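Structure first, then comments.
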Amino acid sequence: MQKHILIIGDQENGQCVADGLAGGGFQTRLLSPSTGNASSELGPVEGSFDAYRVEVTGTEQPHPLVVSRAIVAPTPVPKPAFSDLGLQPGEHVLSLSAFLDRMPTLPPVPDEARPGPSVAFFLGLSGETRPSVLRRVLEVLPFLRNELRRQVTILYGNLKVSGAGLEARVRDARTQGVVFLRFSRILPTFSQDGEGRVTISCVDEASRLPVTIRPDLAVVDEDLRAGAETRRVAGLLHADPGPDGFLPSDNVLRLGFQTNRRGIAGLVPEADPLGRDTLDDDLAAVMVHMRALERLDDWEDSKVASIDAGRCARCLTCYRVCPHGAVTVEERVAIASGACFGCGTCEAACPARAISLTQRENAPQEIGPVPSLEGAVQPGAVVVFGCRRSADRARALCRHLGRELPSDLVFLPVDCAGRISRNMLLEPFLRDAAGVLVLACHPGNCHAERGNLHARARVEEVQHMLEELGLEKERLGFHTLAANQGPAFDRIAKEFIGRIEGLKG
Amino acid sequence: MPDPSVLVVGGGVAGLSSALELARFGVRTHVLDSAPFAGGHAIGFSCKATDQCVRCGACLAEDRLHSAGNNEHIRILPSSRLQNVYREGRRFFATVHREPQYIDPDRCTGCGRCLEVCPAPGAVNRGPSPFNRPPFVLDATQCLRSSKQDCRACVEACPEAAISLEREVSEMILDADAVILASGFLPFDPTDKPYGYGRFDNVVTNLELERMLRENNRVKRPSDGTPPSSIGFVQCVGSRDEHLGNLWCSRVCCGSALRMARVLQHRDPSVEVTVFYIDIQSFGRDFETVFPPLQDAIHWVRALPAETSLAEDGSALKVSYFDSESGQPAAKTVDLLVLSVGITPGEDLEETAGLVGLKPGPDGFLDPSHAGALARSEGVTAAGTALGPMSISDAVKSAEAASWRTLRYLQVV
């Protein structure tokens, strides 16, 4: 039975996405993040993958909407640079959107008027602009110049030509008489007269001559931002946004626009691989992942966590630490198996040791067990817990490059550093190890989003415990690295061993 | 279509990502790569994290190669070139030319003994990653046997008996139900530019800098192996270049140079960095927070150099340019000069694309309008930098899109 994908977006963007997904054979429901008149608007979202329960506010529906997945199609909020440039908007000073709306109604100029009225565009003079903004300007230049007979000057900071075809278009525009004035350190100054017309005073960097421009119209660029609505949606979905406020986070491991919540994707404005303004490739990437989620037995995450109800103390530690929103709290605290990524952060955090990871049925790979220290740790050894994704591979690269690894190292790979519990950190010391080093992925690069951060926090806690036990806290170390940092593994390990040796006696 | 299979031309990050995506749906792939080692360009890159990930995407190449190498649905064929393709009905029959596989990937453990004992420089080459299969490869053109000398040092040294010198070039015929062209890009060769590449030791490309950092965790001046105290980056080498007809921005070089500058200064704040540029392109969704702190850390020269000459000490580089602020010629001396070379169309792209009925656009990259539209009717689509300049993350995304279109064409989804 086809399950629905909820598309959260305004009528225009959301419908585009809905049409694209329908073309891919998905059944969709479109819901506005907020319409203002609350006729049907996104409310709280509970549940998890395959059964998200969405409250729809303002309707007579008694039951919440149940959908299997969701896609957020945000509407960025244009933020014109008026105040950053010290300009008052008005008849003669417009944002790019306002100008494009007005442009078809501008009167063409009769031939005799020489020089004709002019339009000045400000791009990236206060803060950086975007290729899509430049594209919108370049697209209307032929019409502006040929039909409307306007002179055009573009005053810019950095020209953002990193989209398909933009450089060639800029060159065409130059040869057709559009004036491009570049500004590096010394920016133009503006003044506005009683009618709001702008006078631009600047120094042309090419000729180093002072220039004064009085355009008929000044058009100010706009940045595209995540508005309050976009942030609200991320909050309702309990999904982590990126630094710009859009879903998903900018972790490079987030493929197919998938967020940290299984089955929820977020489209990012201007994400097209070639820098064009199309949704096609983005939607195709989303769809392949949404389809792949139907094939449970092919999930790369082959582990799933479960809670032993008999041991669970309902402390809700797991609920708080789970990076994927997979813990449900009802009569029992339970882990939604479909939502679980098997990272093991909960297993390591649970004070009652009530959580364990097990192999999913039909999973392609064997799970890595929590490493056993039995027989592996001799007195005086240095134990290294290393994330399989980063440290283990860096170690392999280090060896591959022909470097000899320190022999007095016991390397224990774990699936995610988040799976290393406080007990695991203490146990080697109980077996007279000289030192313990935890190697995790760099912040922002963890495939379980925050496993590395949990590992660091646990290391710090156990460092305090060591001090209380009369041991030097330097015997427990933490470092981050990536899979392609082979020699760094060598350097970090040797530095740590050197420090431990300095502590002896 | 029972048991569909796809031919992926190109084993870089886009090709491997396509293969992995298809594998999730049970679709088998053969991934061809003309190089002796799969992983494309990105497998030679280094992590550029400071105290946190800077989203360069280099680790994705490692990730993809590792996963694809272990996936039972994917067969990676290095040293393999697509020779010809013909169609019969909806099936493709591809003739693939394979260089001799002197080292057996199923036996090689990557111990490196062959490299240790080989007397001829360049005859045994180590792959960029331990996940290359095999991790070592013989280059017959450098081997002593190519000049009729009898040497069997590697064969004798190999503890796994993985090396056989009696292998020959072979041709194989692969059949497939669809094709994904992900043959990557050619880095611009800056030899003809007046920056001294190939003439002066301490002029390198950004790709060589990445490799240096990956293999040594440090940047060293090629002339004497010392760490540079001043580094110059020249942007847009081979890009945005009317003279060459390269009328495109290569998109990733600003981000690459600035991330590199950042990590080098993070390690040694005394390193002086100069960037010669036209415009700085944005990179990453956190560009607004990443860029301002760099403003003060870097000496910005908004001009491309006119030429580079050797400084008086015989190893540093004197970079001459026109300073528009003063209206005078000026020069900057740096210990190491890094040329940010552009992404240009692959050497064989036109020919390879022609074999499957695709035609590059005016820039020489595969016209994107072909990549989507044709796949539905003809079973061929394209991904990655064969389409045009893009970052590693974007190449993965474009591969996901290509996989979707292929799966739809194959009626798997």
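Bear in mind these aren't lab numbers, they're just calculated from the coordinates by the rules spelled out. Because the structure is a prediction, the values reported are computed rather than measured. A quick note on method: Cβ atoms are made from the backbone with ideal geometry, for glycine too, and the neighbour counts reach across all protein chains shown.
Tabulated values for the structure
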{"quantity": "Between 0 and 90°, nearest 10: helix A:486-503 axis offset from chain A longest Cα axis", "calculated": "50"}
{"quantity": "Taking B:TRP300, B:TRP248, B:TRP404 and counting other C-beta atoms within 10 Å, the order from fewest to most", "calculated": "B:TRP300, B:TRP248, B:TRP404"}
{"quantity": "Dipole of segment B:292-413, positive direction: furthest Cα of B:ALA306, B:THR344, B:VAL334, with charges on the beta-carbon", "calculated": "B:THR344"}
{"quantity": "For segment B:188-343, alpha-carbon Rg over 2.2 N^0.38 Å", "calculated": "0.98"}
{"quantity": "Computed FRET value (nearest 0.05) for A:GLN88 with A:LYS494, which takes r as the C-beta separation and R₀ as 60 Å", "calculated": "0.45"}
{"quantity": "Computed [θ] at 222 nm, helices only, for the protein assembly as shown once each DSSP H run of length n ≥ 4 contributes -39500 (n - 2.57)", "calculated": "-7500 deg cm²/dmol"}
{"quantity": "Amide proton proximity set for B:VAL341, modelled H, under 5 Å, gap of 5+", "calculated": "B:ASN206, B:LEU207"}
{"quantity": "Two-site FRET efficiency, B:ASP323 against B:GLU272, from Cβ-Cβ distance with R₀ of 22 Å, rounded to 0.05", "calculated": "0.80"}
{"quantity": "In nm, spacing of pseudo-spin labels at B:ARG199 and A:TYR319 (7 Å Cα→C-beta vector)", "calculated": "7.1"}
{"quantity": "HN-Hα J in Hz across segment B:76-86 - Karplus 6.51, -1.76, 1.60, θ = phi - 60°, x for Gly and Pro", "calculated": "9, 10, x, 6, 10, 10, 6, 9, 7, 9, 10"}
{"quantity": "Greater than 21 Å apart at Cα, pairs in A:LYS473/B:LYS48; A:LYS473/A:LYS494; B:LYS193/B:LYS318; A:LYS79/B:LYS397", "calculated": "A:LYS473/B:LYS48; A:LYS79/B:LYS397"}
{"quantity": "Alpha carbon centroid spacing (whole Å) that separates segment A:231-250 from segment A:438-505", "calculated": "30"}
{"quantity": "Ranking of A:THR189, B:THR385 by count of other Cβ atoms within 10 Å, fewest first", "calculated": "A:THR189, B:THR385"}
{"quantity": "Reachable aspartates and glutamates from A:LYS303, criterion Cα separation under 14 angstrom, eight or more residues apart if same chain", "calculated": "A:GLU347, A:GLU361, A:GLU366, A:ASP415"}
{"quantity": "Gyration tensor (alpha-carbon) shape descriptor, segment A:382-503, a/c threshold 1.5", "calculated": "oblate"}
{"quantity": "Distance in nm between pseudo-label sites at A:SER184 and A:GLU55 (7 Å out along the Cβ direction from Cα)", "calculated": "5.7"}
{"quantity": "FRET E, pair A:ARG422, A:THR358, Förster distance 25 Å, beta-carbon r, rounded to 0.05", "calculated": "0.70"}
{"quantity": "Built amide H within the under 5 Å cut-off of A:ILE264, gap 5+", "calculated": "A:ALA70, A:THR259"}
{"quantity": "Rounded to the nearest 20 debye, dipole of segment A:126-273 from Cβ charges on Lys, Arg, Asp, Glu", "calculated": "180"}
{"quantity": "Aspartates and glutamates with Cα under 15 Å of B:LYS359, excluding same-chain neighbours fewer than 8 positions away", "calculated": "B:GLU347, B:ASP348, B:GLU350, B:GLU351, B:ASP367, B:GLU378"}
{"quantity": "Rounded if a/c under 1.5, otherwise prolate or oblate - chain B, Cα gyration tensor axes", "calculated": "oblate"}
{"quantity": "Whether segment B:96-175 is rounded, prolate or oblate, judged on the alpha carbon gyration tensor where a/c under 1.5 counts as rounded", "calculated": "oblate"}
{"quantity": "Over segment B:239-298, volume per residue of the alpha carbon convex hull, in Å³", "calculated": "88"}
{"quantity": "25 °C / 0.890 mPa s Stokes-Einstein diffusion coefficient of segment A:303-359, Kirkwood radius on C-alpha pairs, µm²/s", "calculated": "227"}
{"quantity": "Crossing angle, helix A:280-292 versus chain A [Cα axis fit, 0-90 degrees, rounded to tens]", "calculated": "20"}
{"quantity": "Chain B: angle of helix B:368-378 to the longest principal axis, Cα-based, in degrees nearest 10", "calculated": "0"}
{"quantity": "Taking B:PHE185, A:PHE99 and counting other C-beta atoms within 10 Å, the order from fewest to most", "calculated": "A:PHE99, B:PHE185"}
{"quantity": "Simple spin-label estimate for A:ARG149 and A:ARG208 in nanometres, 7 Å along Cα-Cβ", "calculated": "3.9"}
{"quantity": "Å³ per residue enclosed by the Cα convex hull of the protein assembly as shown", "calculated": "200"}
{"quantity": "Full-stretch length increase - B:GLN142, B:ASP106 - with 0.36 nm per residue and alpha-carbon distance subtracted", "calculated": "10.6 nm"}
{"quantity": "Residue-wise HN-Hα coupling along segment A:406-415, computed from phi with Karplus coefficients 6.51, -1.76, 1.60 (Hz; x: Gly, Pro)", "calculated": "x, 7, 8, 10, 9, 9, 10, x, 10, 5"}
